[in-house]
Amino acid sequence: MQEKGTSLPRNNRTIIRGVIVALSLSALATSLIFYYTNADINQAFSSVNFWYLAAAVALIFLNYALEAEKLCAITDAVGRELSFRKALQIALVGSFFANITPFDTGGEPFQIYLLARNGIATGKSVAVIMVKGIISAIARLALGIVIPVWLILMKKAWSLPPALNTFLNVGIFLYLIATFLMVLFTLRPQLFSRFVRWLFTRHLLERFWKREKLNMVADRIVHEVQEFRDSIREVARTKRKNLILVGFYSMLLWIITLTVPALLLWGLGVNSPLSQILAVGIIFYLASAYAPTPGSSGVAEAGFATIFFMANLVPYPLLGVFVILWRFLTYYMSLLIGGIVSFFAFFHRKR
């Protein structure tokens, strides 16, 4: 059931443009990597151990299932029920729209919309997605601390070039700011309500909208924020076990994400240490979390290739093949599957 007043504009041209830009940037970056590494593509792919590739594919599908289970657990925590099939649909739709929007920001609004369309009040839907995002961010940050410490304790040789250290420091700084704002909004949503009231009283907005309209929108937002705050309190008070379960799922999801590059390297016959692959992987995901291109396209390929090569984990001739395999599994697959699911969730119904 769709909640009254809940709507989400869907512009086909905007979506198509996002897909084209994302694919173009990704193809450009990958082509440059292949060009500069002089890779023999046929020879590289012919030597791939497809058992490792199959294991990586299985982990990607397990990733989808765990994302759905996270949504089920959080919706239960706010007192609503969501079937696994619906949760999987919402997770894949969110993945698709995140993959075609700058800073990966497009996924959450569509997930909130679909939750509301399935009978979950907008405030509760926002709470579900915010809790999911915060716990995932904390899990990623925790691994970003634990894995390098683990390397030190295991006395592994670990050093990064100065340029890579700078890239890492800037990325982590931006990541910490975004995580702090997410946590602050969750713990003190009344601050956001005050900001909304202040913003909607600015005379500049009256040049574009009538005062009655601005007041109505502000009241609506403040009402949803109040409902969001009540939902967060309900979760914290009565469903802590669910939050622990979501935290476990989030940690497992990030371990899966970091294990995929290891399987691909081993499948290419590169026996790099798992510990260093995990450490370089989490550094990459922390530093590139908020790339400005749609789906991080271009930035992801270039950054991934650079950080793994500079850490001496992949031979230069195999760099292009390694990047395209990783990007296919972690990006193109979710773009294709999520796109098909999104079509049937939104546009097919309009016919």
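The values are calculated or read from the model by the stated rules, or taken from the named source; none is laboratory data. Not measured: the values here are computed from a predicted model. Counting neighbours? That spans all protein chains shown, and the Cβs are built from the backbone with ideal geometry, glycine included.
Here are a few things to note about the model shown:
Per-residue answers, yes or no, for (1) part of a helix (DSSP H, G or I); (2) surrounded by fewer than 18 Cβ atoms within 10 Å (Cβ to Cβ):
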| site | (1), (2) |
| --- | --- |
| W51 | yes, yes |
| A54 | yes, yes |
| V57 | yes, yes |
| K70 | yes, no |
| L82 | no, no |
| L88 | yes, no |
| A91 | yes, no |
| S95 | yes, no |
| I112 | yes, no |
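- On inspection, N63 qualifies as touching a residue at least 24 places away in the same chain (Cβ under 8 Å), under 26 Å from L258 (Cβ atoms) and either of a type in the set (S, T, N, Q) or touching a Phe, Trp or Tyr at 6+ places or on another chain (Cβ under 7 Å) (or both).
- Residues satisfying the criterion are absent from region 338-350 (criterion: assigned to a helix (DSSP H, G or I), within 24 Å of G267 (Cα to Cα) and either within 17 Å of the chain's Cα centre (by Cα) or free of Cβ contacts under 8 Å to residues at least 60 places away in the same chain (or both)).
- Subset of region 286-300 (residues that are buried (at least 21 other Cβ atoms within 10 Å of the Cβ) and either in contact with a strand residue (DSSP E or B) (Cβ under 7 Å, 6 or more places away or on another chain) or of a type in the set (S, T, Y) (or both)): P294, S296, S297
- From D40, D104, residue being at pLDDT below 95, among the acidic types (D, E) and under 23 Å from Y285 (Cα atoms): D104
- Residue tally, condition at pLDDT below 85 and in a helix (DSSP H, G or I), over region 114-127: 6
- Flag if W266 is in contact with a Phe, Trp or Tyr (Cβ under 6 Å, 6 or more places away or on another chain) and modelled with pLDDT of 80 or more: yes
- Complete set of residues in region 18-30 that are over 20 Å from the mean Cα position of the chain (by Cα) and modelled with pLDDT under 85: none
- Cβ pairs under 8 Å, 6+ apart, first in region 20-34 and closer than 12 Å to V299 by Cβ, second of a type in the set (D, E, K, R): S26/E301; S26/R327; A29/E301
- Condition met for K156 (at pLDDT below 75 and of a type in the set (D, E, K, R)): yes
- In region 228-256, the qualifying residues are those that are farther than 15 Å from I74 by Cβ and buried (at least 19 other Cβ atoms within 10 Å of the Cβ), and the one that is modelled with the highest pLDDT is W254.
- Being modelled with pLDDT under 85, more than 19 Å from the chain's Cα centre (by Cα) and closer than 30 Å to L176 by Cα is a property that holds for A311.
- Condition broken by S7, with the remaining ones in (1) modelled with pLDDT under 85; (2) over 27 Å from E301 (Cα atoms); (3) small (G, A, S); (4) within 20 Å of the chain's Cα centre (by Cα) satisfied: (4)
- Here F346 passes the criteria (1) in contact with a Lys or Arg (Cβ under 6 Å, 6 or more places away or on another chain); (2) surrounded by 20 or more Cβ atoms within 10 Å (Cβ to Cβ); (3) aromatic (F, W, Y) except the one numbered (2).
- Subset of region 301-322 [surrounded by 18 or more Cβ atoms within 10 Å (Cβ to Cβ) and within 12 Å of Q276 (Cβ to Cβ)]: I307, F308, A311, L313, V314
- Meets criteria (assigned to a loop (DSSP other than H, G, I, E, B) and at pLDDT 70 or above) for G133: no
- Members of region 312-337 that are assigned to a loop (DSSP other than H, G, I, E, B) and either closer than 20 Å to I20 by Cα or of a type outside the set (S, T, N, Q) (or both): L313, V314, P315
- Residues within region 272-295 that are more than 22 Å from A27 (Cα to Cα) and free of Cβ contacts under 8 Å to residues at least 60 places away in the same chain, tallied: 4
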